[in-house]
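Each remark here refers to the structure printed beneath this line.
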Amino acid sequence: MSFQVFGLPVSRGVAIGRAVLVASSRVDVAHYFIEESRADEEIARLRAARDVVASELTALQRDLPEDAPAELSALLDVHLMLLHDDTLTGATKHWIQERHYNAEWALSAQLEVIARQFDEMEDEYLRDRKADLEQVVERLLRAMARGTASPFAPAPGASPRDFGGEDPLVMVANDVAPADMLQFKRSVFTGFITDVGGKTSHTAIVARSMDIPAVVGAREASRIIRQDDWVIIDGDAGIVIVDPSPIVLEEYRFRQRQSDLERESLSRLRHTPAVTMDGERVELLANIEMPVDAVAALDAGAVGVGLFRSEFLFMNREGELPGEDEQFEAYRAAVIAMNGLPVTIRTVDIGADKPLDRMSVNELRHEHALNPALGLRAIRWSLSEPGMFRQQLRAILRASAYGKVKLLIPMVAHLSEVRLTLDALARAKLQLADASRPFTDVAVGAMIEIPAAALLLPALLRYFDFVSIGTNDLIQYTLAIDRADEAVAHLYDPWHPAVLQLISQTIRLARSAGKEVSVCGEMAGDPAFTELLLAMGLRSFSMHPSQIASIKQRVLRTDVRRWAGRLAAVLESDDPEARFKEAMRA
Ligand code: PEP
Ligand code: MG
């Protein structure tokens with residue numbers, strides 16, 4: 001029977017497909033299709049892994065010390081029994097043969113099916129066996145990783161070959177960590193739904209950057225949607241329709257076609273300069289996560305990179321950080337790809353909902369039950385790791401010999417941090433000069449994303465060449481709302497008068513000091529705010545490449561002079577959003 005699940009719209013568009021339930025801890029399992037005729041080879045990989053695990057478990061049992069508790073041996077018996085049970089390995093074959101999933105994916109899909117059956121059991125002892133099942137699957141996945149690679153596994157950077165059925169697929173998970181979102185680019189999914197997350201959580205941001213329809217904060221979604229259910233993701237409204245009727249399905253297919261057409265017509269603006277109706281030039285820049293994203297930035301007509309979130313280079317590495325040379329190569333690749341256009345590289349912003357390793361955000365929260373968003377993140381973390389920080393600064397400086405590089409410092413709040421940062425930069429330059437490594441004098445900017453920084457702007461401007469307003473965090477910290485927490489998502493309000501005043505004041509003060517100012521938070525890519533930001537004096541917007549065309553269209557249709565006269569009334573209103581909409585209609 002058809003039903004709806006409500007969440008937060010985080011990435012626009014409509015996706016229609018069959019649900020694939022993925023446990024949070026298994027999002028990193030590779031998802032790709034295999035050729036139908038090669039299913040037997042894929043099943044052989046699964047069998048080989050099963051045999052390896054069977055001998056591991058038997059050896060463990062054999063080598064148990066005499067005084068080991070009897071429960072341990074019984075537990076290994078249970079694991080062996082689960083391993084050979086037809087509902088696990090036997091039924092996994094079905095996903096390979098019928099759906100053409102690769103073995104790892106098939107195994108985790110079957111795990112989801114059985115895990116749900118365990119959850120529904122009355123008997124507590126049997127319910128607890130779910131953990132055993134997960135351990136067995138973990139062992140199988142590890143054995144497969146060590147064994148022969150699938151001939152179909154896509155190479156890094158390649159997209160998965162599509163030997164699958166006709167049905168498109170959408171991922172349903174409790175949570176997806178930002179690092180795992182990067183895998184999404186190589187996966188077969190056309191949309192995703194998560195139970196947790198906020199509109200500007202980093203998972204949502206990465207979804208937007210990939211232009212995949214997505215709904216987050218859908219609470220119970222991963223519990224009530226079943227494997228293989230047909231679902232529609234309405235990424236504009238934040239609604240998921242499960243098992244839709246043919247009429248609803250047709251309506252959404254129509255909308256899908258409409259939005260494809262709209263995109264196509266917007267893409268024609270790619271090479272049109274962004275100039276307002278009254279002749280104000282506006283700079284539309286791209287936010288990127290990886291050097292390869294520079295291609296999408298140029299394709300979309302970006303005139304530079306306004307935010308390179310360098311922390312994504314630090315993720316998915318099991319704690320081993322990228323060294324100076326590796327970082328240098330990555331920054332240089334982005335700079336060269338941008339072909340003389342400016343590239344603003346932000347020093348690493350690790351922490352809060354962007355953990356270093358693959359722990360999901362939830363696990364991170366439980367592990368460190370403090371306040372990660374207020375903790376050791378961004379520049380605070382960099383300053384606490386001086387060796388790592390200097391390596392990054394040197395890598396960024398070295399890339400400046402290949403194009404126009406700007407350096408951006410996240411989460412600035414204290415002048416003492418500013419001085420330490422500039423000292424570290426000066427030292428990095430000295431080291432490079434001593435080693436005769438070429439670099440240029442990069443402009444240094446501060447992110448204004450903590451209210452203290454906005455209030456301290458005149459002092460900060462004495463130290464920095466430019467500022468970039470990170471509205472995502474500025475809203476979070478001004479309103480004391482965790483941006484990744486769906487429980488308070490309704491209070492995360494970019495229209496809050498305090499937020500708008502801080503943004504407006506920052507733009508005005510920076511401009512009157514003759515310093516460049518841009519916005520690189522999600523508000524820059526949201527057409528609802530384009531006129532208002534232009535009226536505040538903003539001329540530089542940085543956003544996901546996929547958003548550039550619609551913001552450009554908005555810029556081309558705006559008469560800034562007309563809007564400037566209405567700004568004060570909006571800012572002074574108790575309800576700026578309503579006042580703004582009224583002004584739009586006038
Ligand atoms: C911001 O806070 O607005 C921003 C652009 O940085 P991030 O989203 O990476 O925290
Ligand atoms: Mg931020």
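Whose amide H sits under 5 Å from the amide H of Leu408, counting only residues 5 or more places off or on another chain, with H placed in the peptide plane?
Ile345, Arg346, Thr347, Gly445
By per-residue mean of other Cβ atoms within 10 Å, what is the highest-first order of 255-268, 126-139, 219-232?
The peptides rank, most packed first, as 219-232, 126-139, 255-268.
What spacing in nm lies between the two simple spin-label points modelled at Glu56 and Arg419, each 7 Å away from Cα in the Cβ direction?
Simple spin-label model gives 5.4 nm for this pair.
Report, to two decimal places, the Cα Rg of region 268-585 normalised by 2.2 N^0.38 Å (N = number of residues).
Output field value: 0.98.
Over its Cα atoms, what ratio of radius of gyration to 2.2 N^0.38 Å does region 199-304 give?
1.37
Test of understanding: extend the Cα→C-beta vector of Arg557 to 7 Å, then name every residue of region 259-274 with backbone N under 13 Å from that spot.
Answer for this model: 266.
Using protein chains only and a probe of 1.4 angstrom, how many square angstrom of Ser2 are accessible, to the nearest 10?
Ser2 exposes around 60 Å² with every protein chain in place.
Please give the helix 70-84 orientation as an angle from the longest Cα principal axis of the chain, in degrees from 0 to 90, rounded to the nearest 10.
That works out to roughly 80 degrees.
Only Lys, Arg, Asp and Glu count, each charged at its Cβ (+1, +1, -1, -1), so figure out the dipole size of the chain about its Cα centre, rounded to 20 debye.
Rounded to the nearest 20 debye, it is 3100 debye.
Helix-only mean residue ellipticity at 222 nm, the chain, DSSP H runs n ≥ 4 weighted -39,500 (n - 2.57), per residue, nearest 500. What is it?
-14500 deg cm²/dmol
Given an 8 Å cut-off on Cα distances and at least 6 residues of separation, report the relative contact order of the chain as a percent.
15
Ratio of region 404-524's C-alpha Rg to 2.2 N^0.38 Å, to two decimals?
1.19
Mind checking the angle between helix 124-146 and the chain's longest principal axis? C-alpha axes, 0 to 90 degrees, to the nearest 10.
80
Can I get the semi-axes of region 376-469's equivalent ellipsoid? Compute them from the C-alpha gyration tensor as square roots of 5 times the eigenvalues, in angstrom, largest first.
23, 15, 11
Quick check: the angle from helix 415-434's long axis to the longest principal axis of the chain, C-alpha only, nearest 10 degrees?
Its long axis makes an angle of about 80 degrees.
Search the structure for amide H atoms under 5 Å from the amide H of Glu283, placed 1.01 Å from N in the peptide plane, and list their residues when 5 or more places away or on another chain.
Ser540, Phe541
How big is region 36-146 on each of its three principal axes, counting only the C-alpha atoms and giving the largest first in Å?
For region 36-146, the Cα spread along each principal axis is 50, 34, 18 Å.
At a Förster radius of 51 Å, what calculated FRET efficiency corresponds to the Cβ-Cβ distance of Glu35 and Ala498, to the nearest 0.05?
Here the calculated transfer efficiency is 0.35.
For the chain, with every protein chain kept in place, what is the accessible area per residue (1.4 Å probe, Å²)?
43
Return the distance in nm (one decimal) between the two label points of a simple spin-label model at Ala149 and Asp123, each offset 7 Å from Cα along Cα→Cβ.
Calculated label separation equals 4.4 nm.
Accessible area of the chain with a 1.4 Å probe: how many percent of it is carbon plus sulfur?
52
Hey, with R₀ at 41 Å, roughly what FRET efficiency would Ala564 and Gln97 work out to, going by the Cβ-Cβ distance, to 0.05?
Once rounded, the FRET efficiency stands at 0.05.
Once phi is turned into ³J(HN,Hα) by the Karplus curve 6.51 cos²θ - 1.76 cosθ + 1.60 with θ = phi - 60°, what whole-Hz value does each residue of region 336-346 show in order, with x for glycine and proline?
5, 4, 7, 6, x, 7, x, 10, 9, 9, 8
Put +1 on the Cβ of every Lys and Arg and -1 on every Asp and Glu Cβ in region 268-585; which of Phe466, Ala413, Pro273 then has its Cα farthest towards the positive end of the dipole?
Looking along the dipole axis, the top candidate is Pro273.
Express as a percent, rounded to the nearest 5, the fraction of DSSP beta bridges in the chain (both residues included) that run antiparallel.
35
Using a 1.4 angstrom probe on the protein heavy atoms only, line up Arg377, Arg116 by accessible area, largest first.
The ordering from most to least exposed comes out as Arg116, Arg377.
Distance cut-off 21 Å, Cα to Cα: go down the list Lys429/Lys515; Lys199/Lys354; Lys354/Lys404; Lys515/Lys581; Lys406/Lys515 and report the pairs above it.
Pairs exceeding the cut-off: Lys429/Lys515; Lys354/Lys404; Lys515/Lys581.
Dividing the convex hull volume of the Cα atoms of the chain by its residue count, what figure in Å³ per residue is obtained?
179
Calculated FRET efficiency, Ser512 and Val248, Cβ-Cβ r, R0 51 Å, to nearest 0.05?
0.45
Of all beta bridges DSSP finds with both residues in region 268-585, what is the antiparallel percent, to the nearest 5?
Expressed as a percentage, antiparallel bridges in region 268-585 total about 5.
The values are calculated or read from the model by the stated rules, or taken from the named source; none is laboratory data. The structure displayed is predicted, hence computed values, not measured ones. Heads up, the Cβs are rebuilt from the backbone with ideal geometry, glycines too, and the neighbour counts pull from every protein chain shown. Just the protein is used for accessible areas: all its heavy atoms, side chains included, with ligands, DNA and RNA removed. Shrake-Rupley method; radii C 1.70, N 1.55, O 1.52, S 1.80 Å.
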